[in-house]
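The values are calculated or read from the model by the stated rules, or taken from the named source; none is laboratory data. Computed from a prediction, not measured in an experiment: that's the story for all the values here. All Cβ positions, even for glycine, are placed from backbone atoms using ideal geometry, and neighbour counts span all protein chains on display. Just so you know, the surface numbers come from the protein's heavy atoms only, side chains and all, with ligands and any DNA or RNA stripped out. Shrake-Rupley method; radii C 1.70, N 1.55, O 1.52, S 1.80 Å.
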2 protein chains.
Amino acid sequence: MPVVRRHLGQEPLPAHIWEAAISSRHIPEEGRTAAQREALATAERLAAELQRATSAVLAMPLYNFGVSQHAKTWIDLAIAGTPQGIRLLEGTPTVLVTTRGGAYGPGTPRAGWDHNIDYLRRILVDIWGADLTVVEREFTLVGVNPALDEFTEMAAIMHKTAEEAAGEAGRALATRYAA
Amino acid sequence: MPVVRRHLGQEPLPAHIWEAAISSRHIPEEGRTAAQREALATAERLAAELQRATSAVLAMPLYNFGVSQHAKTWIDLAIAGTPQGIRLLEGTPTVLVTTRGGAYGPGTPRAGWDHNIDYLRRILVDIWGADLTVVEREFTLVGVNPALDEFTEMAAIMHKTAEEAAGEAGRALATRYAA
(Lines give C-alpha, C1' and ligand atoms only; values in the text may rest on other atoms or scores of the structure.)
Protein backbone atom coordinates (compact mmCIF):
# COMPACT_ATOMS: atom_id res chain seq x y z
CA MET A 1 0.00 0.00 0.00
CA PRO A 2 1.56 3.36 -0.97
CA VAL A 3 2.40 5.65 1.93
CA VAL A 4 2.67 9.40 1.41
CA ARG A 5 4.95 11.13 3.92
CA ARG A 6 5.39 14.84 4.46
CA HIS A 7 7.76 16.34 6.99
CA LEU A 8 6.23 19.79 7.32
CA GLY A 9 8.88 20.96 9.79
CA GLN A 10 12.02 19.87 7.96
CA GLU A 11 10.71 20.65 4.47
CA PRO A 12 8.27 23.47 5.15
CA LEU A 13 5.78 24.53 2.52
CA PRO A 14 6.81 27.98 1.22
CA ALA A 15 5.06 30.98 2.75
CA HIS A 16 4.15 32.61 -0.56
CA ILE A 17 2.04 29.75 -1.98
CA TRP A 18 -1.12 30.58 -0.07
CA GLU A 19 -1.66 34.03 -1.59
CA ALA A 20 -0.97 32.77 -5.13
CA ALA A 21 -3.27 29.76 -4.69
CA ILE A 22 -6.13 31.83 -3.26
CA SER A 23 -5.86 34.57 -5.87
CA SER A 24 -5.67 32.13 -8.78
CA ARG A 25 -9.05 30.68 -7.84
CA HIS A 26 -10.60 34.00 -8.84
CA ILE A 27 -8.84 34.16 -12.22
CA PRO A 28 -9.82 32.16 -15.33
CA GLU A 29 -7.27 29.41 -15.95
CA GLU A 30 -5.79 31.05 -19.06
CA GLY A 31 -5.13 34.29 -17.15
CA ARG A 32 -3.09 32.73 -14.36
CA THR A 33 0.65 33.28 -14.03
CA ALA A 34 2.98 30.28 -13.84
CA ALA A 35 3.46 30.95 -10.12
CA GLN A 36 -0.31 30.96 -9.58
CA ARG A 37 -0.79 27.70 -11.49
CA GLU A 38 1.99 26.05 -9.54
CA ALA A 39 0.65 27.30 -6.22
CA LEU A 40 -2.87 26.08 -6.94
CA ALA A 41 -1.49 22.71 -8.13
CA THR A 42 0.39 22.34 -4.83
CA ALA A 43 -2.73 23.22 -2.84
CA GLU A 44 -4.81 20.74 -4.86
CA ARG A 45 -2.17 18.04 -4.40
CA LEU A 46 -2.23 18.50 -0.60
CA ALA A 47 -6.02 18.27 -0.60
CA ALA A 48 -6.00 15.20 -2.87
CA GLU A 49 -3.50 13.41 -0.61
CA LEU A 50 -5.93 13.71 2.27
CA GLN A 51 -9.01 12.92 0.21
CA ARG A 52 -7.45 9.71 -1.19
CA ALA A 53 -6.02 8.52 2.12
CA THR A 54 -7.50 5.36 3.64
CA SER A 55 -5.97 6.47 6.93
CA ALA A 56 -3.88 9.36 8.20
CA VAL A 57 -1.33 9.74 10.97
CA LEU A 58 -0.42 13.31 11.89
CA ALA A 59 2.25 14.46 14.35
CA MET A 60 1.72 18.09 15.32
CA PRO A 61 3.22 19.58 18.45
CA LEU A 62 2.13 22.50 20.56
CA TYR A 63 4.55 25.31 19.74
CA ASN A 64 4.67 28.67 21.51
CA PHE A 65 1.31 27.78 23.06
CA GLY A 66 -0.33 27.45 19.67
CA VAL A 67 -0.53 25.63 16.38
CA SER A 68 2.80 25.15 14.62
CA GLN A 69 3.31 27.61 11.77
CA HIS A 70 4.04 24.68 9.44
CA ALA A 71 0.82 22.90 10.36
CA LYS A 72 -1.25 26.05 9.82
CA THR A 73 0.33 26.73 6.44
CA TRP A 74 -0.43 23.14 5.41
CA ILE A 75 -4.04 23.40 6.64
CA ASP A 76 -4.61 26.70 4.82
CA LEU A 77 -3.19 25.29 1.58
CA ALA A 78 -5.15 22.04 1.79
CA ILE A 79 -8.33 24.07 2.31
CA ALA A 80 -7.40 26.34 -0.63
CA GLY A 81 -7.05 23.22 -2.80
CA THR A 82 -10.29 21.56 -1.71
CA PRO A 83 -13.10 21.15 -4.27
CA GLN A 84 -16.36 22.85 -3.23
CA GLY A 85 -18.44 20.79 -0.79
CA ILE A 86 -15.81 18.12 -0.10
CA ARG A 87 -14.76 17.05 3.41
CA LEU A 88 -11.20 15.83 2.96
CA LEU A 89 -11.13 13.15 5.68
CA GLU A 90 -14.82 12.14 5.78
CA GLY A 91 -14.88 9.00 7.95
CA THR A 92 -11.13 8.44 7.51
CA PRO A 93 -9.44 6.80 10.51
CA THR A 94 -7.00 9.50 11.59
CA VAL A 95 -4.51 9.51 14.45
CA LEU A 96 -3.21 12.84 15.70
CA VAL A 97 -0.10 12.58 17.85
CA THR A 98 0.68 15.74 19.75
CA THR A 99 3.33 16.76 22.27
CA ARG A 100 3.62 19.55 24.80
CA GLY A 101 6.83 20.57 26.56
CA GLY A 102 5.08 21.34 29.82
CA ALA A 103 1.86 20.20 31.44
CA TYR A 104 -1.44 21.95 30.68
CA GLY A 105 -4.04 19.84 32.48
CA PRO A 106 -6.74 21.20 34.82
CA GLY A 107 -5.22 22.64 37.99
CA THR A 108 -1.78 23.26 36.50
CA PRO A 109 -0.47 26.86 36.29
CA ARG A 110 -0.69 26.65 32.51
CA ALA A 111 -4.21 25.23 32.29
CA GLY A 112 -5.87 26.89 29.28
CA TRP A 113 -2.56 27.74 27.60
CA ASP A 114 -2.79 24.92 25.05
CA HIS A 115 -4.26 26.74 22.05
CA ASN A 116 -3.37 23.92 19.68
CA ILE A 117 -5.43 20.78 20.28
CA ASP A 118 -8.90 22.34 20.15
CA TYR A 119 -8.03 24.02 16.87
CA LEU A 120 -6.67 20.83 15.32
CA ARG A 121 -9.83 18.95 16.38
CA ARG A 122 -11.91 21.72 14.84
CA ILE A 123 -10.24 21.33 11.45
CA LEU A 124 -9.77 17.55 11.43
CA VAL A 125 -13.20 16.63 12.82
CA ASP A 126 -15.59 19.53 12.22
CA ILE A 127 -14.24 20.71 8.87
CA TRP A 128 -12.68 17.59 7.36
CA GLY A 129 -14.88 14.92 9.01
CA ALA A 130 -12.08 12.69 10.32
CA ASP A 131 -12.72 9.68 12.56
CA LEU A 132 -10.14 10.99 15.01
CA THR A 133 -8.02 9.38 17.73
CA VAL A 134 -5.75 11.75 19.66
CA VAL A 135 -2.54 10.57 21.32
CA GLU A 136 -1.11 13.22 23.64
CA ARG A 137 2.17 13.40 25.50
CA GLU A 138 3.08 16.18 27.90
CA PHE A 139 6.23 17.19 29.79
CA THR A 140 8.61 16.41 26.92
CA LEU A 141 10.91 19.13 28.32
CA VAL A 142 11.50 17.09 31.48
CA GLY A 143 15.10 15.90 31.20
CA VAL A 144 15.89 18.87 28.93
CA ASN A 145 15.02 21.77 31.26
CA PRO A 146 16.55 21.14 34.75
CA ALA A 147 13.83 23.31 36.35
CA LEU A 148 11.42 20.46 35.61
CA ASP A 149 13.53 17.70 37.23
CA GLU A 150 11.01 17.25 40.05
CA PHE A 151 8.53 15.94 37.48
CA THR A 152 10.81 13.15 36.22
CA GLU A 153 8.61 10.35 37.49
CA MET A 154 5.38 11.91 36.27
CA ALA A 155 6.93 12.53 32.85
CA ALA A 156 8.04 8.89 32.64
CA ILE A 157 4.47 7.76 33.32
CA MET A 158 3.13 10.19 30.71
CA HIS A 159 5.70 8.90 28.21
CA LYS A 160 4.73 5.28 28.85
CA THR A 161 0.99 6.06 28.69
CA ALA A 162 1.43 7.91 25.40
CA GLU A 163 3.46 5.06 23.91
CA GLU A 164 0.77 2.60 24.90
CA ALA A 165 -1.95 4.82 23.42
CA ALA A 166 0.07 5.19 20.22
CA GLY A 167 0.55 1.40 20.05
CA GLU A 168 -3.16 0.86 20.54
CA ALA A 169 -4.02 3.40 17.84
CA GLY A 170 -1.59 1.69 15.46
CA ARG A 171 -3.05 -1.75 16.17
CA ALA A 172 -6.56 -0.39 15.61
CA LEU A 173 -5.52 0.89 12.18
CA ALA A 174 -3.82 -2.43 11.35
CA THR A 175 -6.95 -4.37 12.36
CA ARG A 176 -9.05 -2.34 9.94
CA TYR A 177 -6.73 -3.21 7.08
CA ALA A 178 -6.60 -6.88 8.01
CA ALA A 179 -10.40 -7.05 8.00
CA MET B 1 8.65 59.75 14.80
CA PRO B 2 9.80 56.77 12.69
CA VAL B 3 7.12 54.22 11.88
CA VAL B 4 8.03 50.62 11.07
CA ARG B 5 5.49 48.86 8.86
CA ARG B 6 5.35 45.19 7.99
CA HIS B 7 2.76 43.65 5.73
CA LEU B 8 3.01 40.03 6.83
CA GLY B 9 0.40 38.86 4.32
CA GLN B 10 1.70 40.55 1.17
CA GLU B 11 5.39 40.07 2.00
CA PRO B 12 5.34 36.93 4.12
CA LEU B 13 8.36 35.94 6.16
CA PRO B 14 9.91 32.84 4.56
CA ALA B 15 8.95 29.48 6.04
CA HIS B 16 12.53 28.20 6.39
CA ILE B 17 13.83 30.95 8.71
CA TRP B 18 12.42 29.51 11.92
CA GLU B 19 14.39 26.25 11.84
CA ALA B 20 17.64 28.04 10.97
CA ALA B 21 17.14 30.67 13.67
CA ILE B 22 16.30 28.12 16.38
CA SER B 23 19.17 25.80 15.49
CA SER B 24 21.73 28.61 15.33
CA ARG B 25 21.02 29.54 18.95
CA HIS B 26 22.59 26.19 19.93
CA ILE B 27 25.72 26.69 17.82
CA PRO B 28 28.68 28.96 18.72
CA GLU B 29 28.67 32.03 16.51
CA GLU B 30 31.75 31.01 14.50
CA GLY B 31 30.19 27.64 13.65
CA ARG B 32 27.00 29.06 12.11
CA THR B 33 26.28 28.90 8.40
CA ALA B 34 25.49 32.10 6.49
CA ALA B 35 21.83 30.99 6.32
CA GLN B 36 21.75 30.48 10.10
CA ARG B 37 23.30 33.89 10.79
CA GLU B 38 20.87 35.58 8.47
CA ALA B 39 17.88 33.76 9.97
CA LEU B 40 18.87 34.65 13.52
CA ALA B 41 19.49 38.27 12.48
CA THR B 42 15.95 38.42 11.01
CA ALA B 43 14.46 36.95 14.18
CA GLU B 44 16.41 39.42 16.34
CA ARG B 45 15.33 42.32 14.13
CA LEU B 46 11.66 41.35 14.52
CA ALA B 47 12.06 41.14 18.30
CA ALA B 48 13.94 44.46 18.44
CA GLU B 49 11.23 46.22 16.44
CA LEU B 50 8.70 45.28 19.09
CA GLN B 51 10.99 45.97 22.01
CA ARG B 52 11.82 49.48 20.76
CA ALA B 53 8.25 50.39 19.82
CA THR B 54 6.56 53.12 21.84
CA SER B 55 3.26 51.79 20.54
CA ALA B 56 2.11 49.02 18.24
CA VAL B 57 -0.88 48.58 15.95
CA LEU B 58 -1.47 45.04 14.69
CA ALA B 59 -4.08 43.90 12.17
CA MET B 60 -4.54 40.14 12.31
CA PRO B 61 -7.65 38.45 10.96
CA LEU B 62 -9.25 35.16 11.86
CA TYR B 63 -8.41 32.79 9.04
CA ASN B 64 -9.77 29.27 8.65
CA PHE B 65 -11.01 29.52 12.25
CA GLY B 66 -7.50 30.12 13.58
CA VAL B 67 -4.45 32.32 13.66
CA SER B 68 -3.17 33.41 10.25
CA GLN B 69 -0.13 31.41 9.14
CA HIS B 70 1.74 34.67 8.57
CA ALA B 71 1.00 35.96 12.07
CA LYS B 72 2.14 32.67 13.64
CA THR B 73 5.38 32.63 11.65
CA TRP B 74 6.05 36.21 12.77
CA ILE B 75 5.29 35.37 16.42
CA ASP B 76 7.55 32.30 16.36
CA LEU B 77 10.41 34.27 14.81
CA ALA B 78 10.06 37.22 17.19
CA ILE B 79 10.16 34.78 20.12
CA ALA B 80 13.20 33.04 18.61
CA GLY B 81 14.95 36.41 18.43
CA THR B 82 14.05 37.55 21.97
CA PRO B 83 16.86 37.98 24.52
CA GLN B 84 16.41 35.78 27.63
CA GLY B 85 14.02 37.26 30.19
CA ILE B 86 12.71 40.09 28.02
CA ARG B 87 9.00 40.82 27.48
CA LEU B 88 8.88 42.47 24.08
CA LEU B 89 5.89 44.76 24.63
CA GLU B 90 6.07 45.32 28.41
CA GLY B 91 3.62 48.13 29.11
CA THR B 92 3.53 49.17 25.44
CA PRO B 93 0.19 50.57 24.28
CA THR B 94 -0.85 48.08 21.64
CA VAL B 95 -3.96 47.98 19.48
CA LEU B 96 -4.97 44.70 17.90
CA VAL B 97 -7.49 45.02 15.08
CA THR B 98 -9.08 41.75 14.10
CA THR B 99 -11.75 40.73 11.61
CA ARG B 100 -13.95 37.68 11.21
CA GLY B 101 -15.93 36.81 8.10
CA GLY B 102 -18.87 35.40 10.06
CA ALA B 103 -20.22 35.97 13.57
CA TYR B 104 -18.88 33.96 16.51
CA GLY B 105 -20.58 35.50 19.53
CA PRO B 106 -22.43 33.56 22.26
CA GLY B 107 -25.56 31.91 20.88
CA THR B 108 -24.43 31.88 17.26
CA PRO B 109 -23.97 28.52 15.47
CA ARG B 110 -20.23 29.19 15.33
CA ALA B 111 -19.75 30.20 18.97
CA GLY B 112 -16.41 28.76 20.07
CA TRP B 113 -15.04 28.53 16.54
CA ASP B 114 -12.82 31.61 16.87
CA HIS B 115 -9.48 30.03 17.77
CA ASN B 116 -7.59 33.24 17.01
CA ILE B 117 -8.30 36.00 19.52
CA ASP B 118 -7.57 34.08 22.73
CA TYR B 119 -4.24 32.95 21.32
CA LEU B 120 -3.25 36.47 20.23
CA ARG B 121 -4.14 37.82 23.70
CA ARG B 122 -2.05 35.04 25.23
CA ILE B 123 1.05 36.05 23.28
CA LEU B 124 0.56 39.83 23.32
CA VAL B 125 -0.51 40.17 26.95
CA ASP B 126 0.70 37.11 28.89
CA ILE B 127 4.00 36.54 27.05
CA TRP B 128 4.92 40.00 25.76
CA GLY B 129 3.26 42.15 28.45
CA ALA B 130 1.37 44.50 26.11
CA ASP B 131 -1.11 47.10 27.36
CA LEU B 132 -3.69 45.79 24.90
CA THR B 133 -6.80 47.27 23.30
CA VAL B 134 -8.70 44.95 20.95
CA VAL B 135 -10.85 46.27 18.11
CA GLU B 136 -13.00 43.51 16.59
CA ARG B 137 -15.19 43.48 13.53
CA GLU B 138 -17.36 40.52 12.53
CA PHE B 139 -19.48 39.67 9.46
CA THR B 140 -17.00 41.06 6.93
CA LEU B 141 -18.35 38.48 4.45
CA VAL B 142 -21.77 40.16 4.46
CA GLY B 143 -22.05 41.77 1.03
CA VAL B 144 -19.58 39.23 -0.36
CA ASN B 145 -21.43 35.99 0.37
CA PRO B 146 -25.11 36.33 -0.70
CA ALA B 147 -26.11 33.67 1.87
CA LEU B 148 -25.43 36.28 4.54
CA ASP B 149 -27.61 39.02 3.00
CA GLU B 150 -30.16 38.79 5.83
CA PHE B 151 -27.47 40.14 8.18
CA THR B 152 -26.83 43.32 6.17
CA GLU B 153 -28.15 45.65 8.85
CA MET B 154 -26.37 43.87 11.69
CA ALA B 155 -23.11 43.92 9.72
CA ALA B 156 -23.47 47.64 9.09
CA ILE B 157 -23.85 48.25 12.83
CA MET B 158 -20.81 46.05 13.55
CA HIS B 159 -18.83 47.96 10.94
CA LYS B 160 -19.76 51.32 12.43
CA THR B 161 -19.07 50.14 16.00
CA ALA B 162 -15.65 48.81 14.98
CA GLU B 163 -14.77 52.03 13.19
CA GLU B 164 -15.71 54.02 16.27
CA ALA B 165 -13.66 51.72 18.50
CA ALA B 166 -10.69 52.02 16.13
CA GLY B 167 -11.03 55.82 16.13
CA GLU B 168 -11.14 55.87 19.92
CA ALA B 169 -8.07 53.60 20.15
CA GLY B 170 -6.21 55.88 17.73
CA ARG B 171 -7.15 59.01 19.70
CA ALA B 172 -6.00 57.33 22.92
CA LEU B 173 -2.59 56.64 21.37
CA ALA B 174 -2.38 60.21 20.06
CA THR B 175 -3.23 61.61 23.50
CA ARG B 176 -0.35 59.68 25.06
CA TYR B 177 2.11 61.19 22.60
CA ALA B 178 0.72 64.68 23.05
CA ALA B 179 1.20 64.40 26.82
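Averaged over the residues of A:10-22, the number of partner chain Cβ atoms lying within 10 Å of the residue Cβ comes to 4. Taking every alpha-carbon pair within region A:35-119, the share separated by more than 14 Å comes to 69 percent. With Rh defined as the Kirkwood radius, the inverse of the mean 1/r over Cα pairs, the Rg/Rh of the protein assembly as shown is 0.97.
Take region B:1-98 with all the other protein chains still there, run a 1.4 Å probe, and you get 52 Å² of accessible area per residue. Legend: residues in region A:116-134 shielded by at least 50 square angstrom of accessible surface upon adding the remaining protein chains to the isolated chain (1.4 Å probe, heavy atoms) are A:TYR119, A:ARG122.
Loop-resident chymotrypsin sites (Phe, Trp or Tyr not before Pro) (DSSP state other than H, G, I, E or B) in region A:26-98 with no more than 12 further Cβ atoms inside 10 Å of their Cβ are absent. Here the protein assembly as shown is treated with +1 on each Lys and Arg Cβ and -1 on each Asp and Glu Cβ, and its dipole about the Cα centre works out to around 340 debye. Residue-wise HN-Hα couplings along region A:124-140, as the Karplus relation 6.51 cos²θ - 1.76 cosθ + 1.60 with θ = phi - 60° gives them from phi, are 5, 8, 6, 8, 9, x, 5, 8, 9, 10, 10, 10, 10, 10, 10, 6, 6 Hz; Gly and Pro carry x.
3J(HN,Hα) couplings calculated from phi for region B:62-72 with the Karplus curve 6.51 cos²θ - 1.76 cosθ + 1.60 (θ = phi - 60°) are, in sequence order, 6, 9, 6, 6, x, 6, 5, 4, 5, 5, 5 Hz; Gly and Pro show x. Computed from Cα positions, the angle between helix A:34-52 and the longest principal axis of chain A comes to roughly 50 degrees.
Spin-label model, A:THR108 to B:GLU49: label points 7 Å out along the Cα-to-beta-carbon direction sit 3.3 nm apart.
Applying 1/(1 + (r/R0)^6) with R0 = 51 Å to the Cβ-Cβ distance of A:ALA35 and A:ARG121 gives a FRET efficiency near 0.90. Karplus-based coupling profile of region B:94-110, in residue order and whole Hz: 9, 10, 9, 9, 9, 10, 9, x, x, 10, 10, x, x, x, 7, x, 9, with θ = phi - 60° in 6.51 cos²θ - 1.76 cosθ + 1.60 and x standing for Gly or Pro.
For region B:1-69, rounded, prolate or oblate, judged on the Cα gyration tensor with a ≥ b ≥ c (square roots of eigenvalues), a/c < 1.5 rounded, else prolate if a/b > b/c? Oblate, because a/c is 1.5 or more while a/b does not exceed b/c. Comparing A:GLU49, A:GLU11, A:GLU38 in a Gaussian network model of chain A (Cα springs below 10 Å), the most mobile by mean-square fluctuation is A:GLU11. Along chain A, the longest continuous region that contains none of the trypsin sites (Lys or Arg not before Pro) in a DSSP loop with at most 16 other C-beta atoms within 10 Å is A:111-179.
Using a Förster distance of 56 angstrom, determine the FRET efficiency expected from the C-beta separation of B:VAL3 and A:ALA178, and round it to 0.05. E between B:VAL3 and A:ALA178, to the nearest 0.05, is 0.30. Surface composition of region B:129-171: carbon and sulfur atoms hold 55% of the protein heavy-atom accessible area at a 1.4 Å probe. Mean projected area of the convex hull spanned by the Cα atoms of region B:106-179, taken over all viewing directions: 6.5 nm². With all pairs of separate Cα atoms included, chain B yields a Kirkwood hydrodynamic radius of 18.0 Å.
Mean per-residue shielding of peptide B:54-65 is 2, counting Cβ atoms of other chains within 10 Å of each Cβ. Computed from protein heavy atoms with a 1.4 Å probe, the total accessible area buried between B and A is close to 2500 Å². Ellipticity at 222 nm from helices only: DSSP H runs of n ≥ 4 in chain B, each -39500 (n - 2.57), divided by the residue count, give -13000 deg cm²/dmol. Near B:ARG137, the amide H atoms lying under 5 Å from its own belong to B:THR98, B:THR99, B:ARG100; only residues 5 or more places off or on other chains count, and H is placed 1.01 Å from N. Here the protein assembly as shown carries DSSP beta bridges of which approximately 15% are antiparallel, counting only pairs with both residues inside.
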